[in-house]
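Contents: one structure, followed by commentary.
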Amino acid sequence: MDETKSKDQHIPSISAISNEILLIIFESELLPADLLHCMLCCKRWSPLSSSVLYKHLVLNTATLPRFTMCSSDSEDSLVETFTFRHSSRFPEQWPPEAVFDKLPSRLAKMVNLRSFSLSILSGEVYNKWISEPWISAIVDSLPRTCRCLEIDIEGSRRYISADEGEQVHLCASIRRILPSLRFLRLNLSKICPDAFGFGFDRAKPSVVDVNFKPIEAPHLEECLIKTAVPQYTTNLDRFRVCGCHNADIITILAKHLQPFKLSSNASCLTKLWLVDALPMEGYYTTYQSIVRRDVLANKSQALPYKDIGLLKHNKSGVFIRMPVEEGGNQDLVSTIQGVMSLAEEHAWVDTTNGTRVPAAEISRGHCRVLDRPVVRTAEEWLAKTNISCHLWADEYRTGTRMLNVVEGGLTEDCFPIIQTPDGWTRTEGGWLEKLE
């Protein structure tokens, strides 16, 4: 009996693990469900695991309602990043207005909040909407500790009524928090210069009025504004300017951001992009493109892309031709979300637990491990799927690079044109034939 007791005394116990080691374990890519089990394990584990669970909060339409209804000041103070993904309808017992009316008061108590991301998942927009007054109330409630803001709700534009935009202006809410921000990414169905200053004249939207005064954003480092939806057709689908029907959003934003980019207004600014999308002009002569409109450099860069998998082969594969300095003179293949992330230089990224944050937050060690979309080279894609496209086949036959990234002026629409090599001709059906 004594020998058995003696042996048992030398068996390591989990209770002997220090709090520091336990925190390292809890922060090592455990899923929220795993952390919840740890919270229920014992009194010692509960505060340690909850500090990790609430530090990077990720909610969706299934979990947000219960979160808003169960207020806890102690838990709110733990939150550093807040990610909400609107991916489905709210449960019937939780009407959206009841949820979003309570969320601002919870956000206001998150005194250590650094990053906030609100998004409607791509391809999941039917009957899922978030009204402009709700979004404005959410942005207005964010504490001044919030340094990173992403609003990616373009998909809900068909469910926001016109009169709501007249009562509550989201751009004004963005302007109020802008002086505190370091990183900003916007994907809205409508936007105007009021997000970046005062005195925008809607009677003459393309003219920068002398009374327009840009807001000061001394901490802002990166700002990305999406202005169009990528299309696989010849139709251009750009977003609207608030209160200005048929106005050119590119011209208006580009002109009004010129005074905003001055060092006295945004001294830390290193990236100020309008992320645009151009359709193809002809099925056999041009490619669709994602356009980086660099306001600081006063130039644009059109990156050709094409869906080579889903439409015909039910494979998720979109290839994008990157600039030589970024893609190593080769094409990259991913999902449409992965291609958009490449075009934006992975400005905002996902982590392994679903958190959306600026990439800079990952590099500074503030968040968990990076979880980027799968990106393959053209060679890797061909080896895995055996799916090619006309462009690749034609370039292989001719030994010529027939499509390039196109550079132009800031507001210029430059369409990537497929070149026909010397000694070759193209038929009406788009096929290349060698000249005799």
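Please list 3J(HN,Hα) in residue order for the stretch 264-271, calculated via the Karplus relation 6.51 cos²θ - 1.76 cosθ + 1.60 where θ = phi - 60°; whole Hz, with x for glycine and proline.
So the Karplus estimates, Gly and Pro as x, are 5, 9, 9, 5, 9, 5, 10, 9 Hz.
With viscosity set to 0.692 mPa s at 37 °C, what whole-number translational diffusion coefficient in µm²/s follows for the stretch 14-126 from Stokes-Einstein and a Kirkwood radius over Cα pairs? Provide the component values of the computation, followed by the final result.
Details: Rh = 15.3 Å.
Translational diffusion coefficient: 214 µm²/s.
Per the Cauchy relation, a quarter of the hull surface: what is the mean projected area of the convex hull of the alpha carbons in the chain, in nm²?
For the chain, averaging the hull's shadow over all directions gives 28.0 nm².
Computed FRET efficiency, Cβ-Cβ of ALA360 and GLU436, R0 41 Å: what is it to the nearest 0.05?
Computed FRET efficiency for ALA360 and GLU436: 0.10.
Can you tell which of GLU150, GLU132, GLU325 shows the greatest fluctuation in a Gaussian network model of the chain with Cα springs below 10 Å?
Of the options given, GLU325 has the highest mean-square fluctuation.
For the chain, what does the helix formula give at 222 nm: sum of -39500 (n - 2.57) over DSSP H segments with n ≥ 4, over the residue count, nearest 500 deg cm²/dmol?
Roughly -8000 deg cm²/dmol at 222 nm, from the helical runs in the chain.
For the chain, give me the percentage of DSSP beta bridges that are antiparallel, rounded to the nearest 5 percent.
Values: 38 of 70 bridges.
Percentage antiparallel, nearest 5: 55.
Rounded, prolate or oblate, given the Cα gyration tensor of the stretch 84-124, with a/c below 1.5 counting as rounded?
oblate
Counting other Cβ atoms within 10 Å, keep those with at most 16, restrict to DSSP loop, and tell me which chymotrypsin sites (Phe, Trp or Tyr not before Pro) in the stretch 43-133 are left.
For chymotrypsin sites (Phe, Trp or Tyr not before Pro) across the stretch 43-133 that sit outside H, G, I, E and B with at most 16 neighbouring Cβ atoms in 10 Å, the list reads TYR126.
Report in % the part of the accessible area of the stretch 182-335 that belongs to carbon and sulfur, leaving out ligands and nucleic acids; probe 1.4 Å. Numbers along the way, then the final one.
Working: 3160 of 6290 Å².
Carbon plus sulfur share of accessible area: 50 percent.
Filter the chymotrypsin sites (Phe, Trp or Tyr not before Pro) in the stretch 344-436 down to the DSSP loop ones having no more than 14 other Cβ atoms within 10 Å, then list what survives. Walk me through the numbers on the way to the answer.
On the way: sites: TRP348, TRP381, TRP392, TYR396, TRP424, TRP431; in loops: TRP431.
In loop regions of the stretch 344-436 (DSSP not H, G, I, E or B), the sparsely surrounded chymotrypsin sites (Phe, Trp or Tyr not before Pro) are TRP431.
What per residue convex hull volume, in Å³, comes out for the stretch 56-111 when only alpha-carbon positions are used?
Dividing the Cα hull volume of the stretch 56-111 by its residue count gives 66 Å³.
Per q in 0.17 1/Å, what log10 I(q)/I(0) does a Debye calculation on the alpha-carbon atoms of the stretch 178-304 return?
-0.88
How many percent of all Cα-Cα pairs in the stretch 317-436 sit more than 21 Å apart?
I get 53 percent for the Cα pairs in the stretch 317-436 exceeding 21 Å.
Calculate, in nm to one decimal, what GLU97 and ASN60 gain on full extension: separation in residues at 0.36 nm each, minus their alpha carbon distance.
This chain segment gains 11.8 nm when fully extended.
Modelled label-to-label distance, SER105 and SER263, 7 Å Cα→beta-carbon offset: nm?
4.8
Hey, what do the phi angles of the stretch 170-175 turn into as Karplus ³J(HN,Hα) couplings, whole Hz, using 6.51/-1.76/1.60 and θ = phi - 60°, x for Gly and Pro?
Listing the rounded values in order: 4, 4, 5, 5, 4, 4 Hz.
With each label point set 7 Å from Cα along the Cα-Cβ vector, what nm distance links ARG401 and ILE24?
A separation of 4.7 nm, rounded to one decimal place.
Just read off the accessible area of THR270 with the full protein assembly in place, 1.4 Å probe, to the nearest 10 Å².
Spelled out: THR270, probe radius 1.4 Å, area about 100 Å².
Limiting things to C-alpha atoms, what are the Rg and the maximum Cα-Cα separation (Dmax) for the stretch 170-215, in angstroms?
Answer for the stretch 170-215, Rg first and Dmax second: 11.1, 32 Å.
Tell me the per residue accessible area of the chain using a 1.4 Å probe; a whole number in Å² is fine.
It amounts to 48 Å² per residue over the chain.
Would you kindly derive the ³J(HN,Hα) couplings of the stretch 425-436 from the backbone phi angles with the Karplus curve 6.51 cos²θ - 1.76 cosθ + 1.60 (θ = phi - 60°), listing them in order in whole Hz, with x for Gly and Pro?
Whole-Hz 3J(HN,Hα) from phi for the stretch 425-436: 9, 10, 6, 4, x, x, 7, 7, 10, 7, 6, 6.
Pop the C-beta distance of GLU379 and GLU325 into the FRET formula with R0 = 22 Å and round what comes out to the nearest 0.05. It would help to have the intermediate numbers written out before the result.
Details: r = 20 Å, r/R0 = 0.90.
FRET efficiency, GLU379 to GLU325: 0.65.
The values are calculated or read from the model by the stated rules, or taken from the named source; none is laboratory data. Please read these numbers as outputs of a predicted model, since none were measured by experiment. Cβ atoms come from the backbone with ideal geometry, glycine included; neighbour counts cover every protein chain shown. Each accessible area value is taken on the protein alone, full model and side chains, heavy atoms only, with ligands, DNA and RNA left out. Shrake-Rupley method; radii C 1.70, N 1.55, O 1.52, S 1.80 Å.
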